[in-house]
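Only one structure is covered here, and it is reproduced in the block below.
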Amino acid sequence: MVLIGKLNFFSGDSKSDLLCKEEFIELKDIFSVKLKRRYFASGNGTLLGITLFICLKKEQNKLKDSTLDLINLSEDHCDIWFRQFKKILAVTEYEGHALSLLKECELQGFDGVVCVGGDGSASEVAHALLLRAQKNAGLETDNILTPVPAQLPLGVIPAGSTNVLAHSLHGIPHVVTATLHIIMGHIQPVDVCTFSTAGKLLRFGFSAMFGFGGRTLALAEKHRWMSPSQRRDFAVIKALAKLKPEDCEISFLPLNSSPGLQERRAQGSPKSDCNDQWQMIQGQFLNVSIMAIPCLCSVAPKGLAPNTRLNNGSMALIIARNTSRPEFIKHLKRYASVKNQFSFPFVETYTVEEVKVDPRNKTSARSLEAEDRLHEAASEDIFPWNVDGDLMEVTSEVHVKLHPRLINLYGESMEEMNDSKVTCSCI
């Protein structure tokens, strides 16, 4: 596709020097677009047109970025062109778009897939790659007992608000570091979980929260008109104000402590010699976290699950039982410090390979939002889960199972994680 445009420019100081020149550029050479404005001290801006960001080829195979200003003072005209360019340049335009693209596109001839985005986008691409691997292996994707590994490695360049996956993978949420790992071809195998209900696969993922974590995300999703940081802080504060425990039955299969068995599991070997001793606890729980990766982020520089690793063949199950709001807030604030966030009498931690969470208080699943009460009263009880920053709503028990080294990500193992500056002060 070719864009042909007439560019007007001044050559000299007088209007008599106005020249007109017709040139063209190919759309494949445009990588971004923005509205061009002139801003004043008052903060108001005057529209001047749109700016195209172009990749130019120079001598000796060198590439150079450049800009092209298309001057037009019409708000309507510029808006039409701006939106059309954004539509052309967009790779994914809506939630689930990456999934649909990767399920159908031809992947032969590619060395890997790179995702530029936050945790939701990265998790969606990982889910798509794993679903594609099951389809190529001839497996039914509704009920997968033993999934096959993804066929292509995934590169994650952090561009979201939390970037938990990239942060856990590289030790820091640094764009250049993530990019260089992809360029250098550094490969890191990573454990993945399957989330299923009633024997049906819901999705693949790396981490999940139920209770406070799920309800916080559900509140944030209802206020997407806010900026990401405002939306996150608002949701945390409101969820704390309406803090209420979930009556649950939690069953889990502890990880066998045998070193040889752990090593075989980490390599993806079958667990034929495992003594399956499921344990079950019941009660009132404020939050349940199930994490196959450390989950580093700005508000938890040591990780939400600091005792697990990217591919040690286990998940961290962290349970916060019912307690007072001030005590629960103390627990949350500990994540931002060097103190042990689990040294509270109401917090329990387990190293597991499978977990089943069955909510028993069906009526408490309903939202307390006044504007939603009439709608909720006539609907099914829905329980929100936070899976890698994406909202997953279910109505029954969820079964989470670990699958060792199911996907390769571009990166290297980071045993010593760097400290990060805490940027959220909402609690």
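Looking at this structure, is PRO149 at pLDDT 90 or above, touching a Leu at 6+ places or on another chain (Cβ under 6 Å) and surrounded by fewer than 21 Cβ atoms within 10 Å (Cβ to Cβ)? Lay out the reasoning, then the answer.
Values: at pLDDT 90 or above: yes; touching a Leu at 6+ places or on another chain (Cβ under 6 Å): yes; surrounded by fewer than 21 Cβ atoms within 10 Å (Cβ to Cβ): yes.
Yes: the conditions hold for PRO149.
Restricted to region 152-187, and to residues that are surrounded by fewer than 21 Cβ atoms within 10 Å (Cβ to Cβ) and modelled with pLDDT under 85, which residue is nearest to TYR335 (Cα to Cα)?
SER161
Of the numbered conditions (1) farther than 21 Å from HIS186 by Cβ; (2) at pLDDT 80 or above; (3) not in a strand (DSSP E or B), GLU93 fails exactly one; give the number of that condition.
It is condition (2) that GLU93 fails.
Can you pull out every residue in region 300-322 that is of a type in the set (Ser, Thr, Tyr) and either open to solvent by 40 Å² or more (accessible area, probe 1.4 Å) or under 18 Å from GLY411 (Cα atoms) (or both)?
Quick first cut of region 300-322, residues of a type in the set (Ser, Thr, Tyr) only: 308, 314.
Hit for region 300-322 is THR308, nothing else.
Could you say whether any residue in region 209-229 is part of a loop (DSSP other than H, G, I, E, B) and in contact with a Leu (Cβ under 7 Å, 6 or more places away or on another chain)? Give the steps one after another, and end with the answer.
To start, the set of residues in region 209-229 that are part of a loop (DSSP other than H, G, I, E, B) comprises 222-227.
Now narrow it down to the ones that are in contact with a Leu (Cβ under 7 Å, 6 or more places away or on another chain): none.
Checked region 209-229: no residue is part of a loop (DSSP other than H, G, I, E, B) and in contact with a Leu (Cβ under 7 Å, 6 or more places away or on another chain).
Which residues, taken from region 151-166, are farther than 14 Å from VAL116 by Cβ and in contact with a strand residue (DSSP E or B) (Cβ under 6 Å, 6 or more places away or on another chain)?
If the condition is that a residue be farther than 14 Å from VAL116 by Cβ and in contact with a strand residue (DSSP E or B) (Cβ under 6 Å, 6 or more places away or on another chain), then LEU152, PRO153, THR162, VAL164 are the ones that fit.
Let me confirm something: among LEU99, LEU130, which residue is in a helix (DSSP H, G or I), open to solvent by less than 50 Å² (accessible area, probe 1.4 Å), at negative phi and modelled with pLDDT of 90 or more?
On the way: LEU99 fails: modelled with pLDDT of 90 or more.
Just a single option satisfies the conditions, and that option is LEU130.
Would you mind stating whether LEU165 is part of a helix (DSSP H, G or I) and more than 30 Å from ALA300 (Cα to Cα)?
So LEU165 fails the test.
Identify, by number, the condition in (1) surrounded by fewer than 14 Cβ atoms within 10 Å (Cβ to Cβ); (2) touching a residue at least 60 places away in the same chain (Cβ under 8 Å) that VAL190 doesn't meet.
(1)
Criterion first (open to solvent by 60 Å² or more (accessible area, probe 1.4 Å) and at pLDDT below 85) does PHE40 satisfy it?
When the stated conditions are applied, PHE40 passes them.
The values are calculated or read from the model by the stated rules, or taken from the named source; none is laboratory data. Quick caveat: nothing in here was measured; it's all calculated off a predicted structure. Glycine also receives a Cβ, built like all others from the backbone with ideal geometry; neighbour counts cover every protein chain displayed. For accessibility, only protein heavy atoms count, side chains too; no ligands or nucleic acids. Shrake-Rupley method; radii C 1.70, N 1.55, O 1.52, S 1.80 Å.
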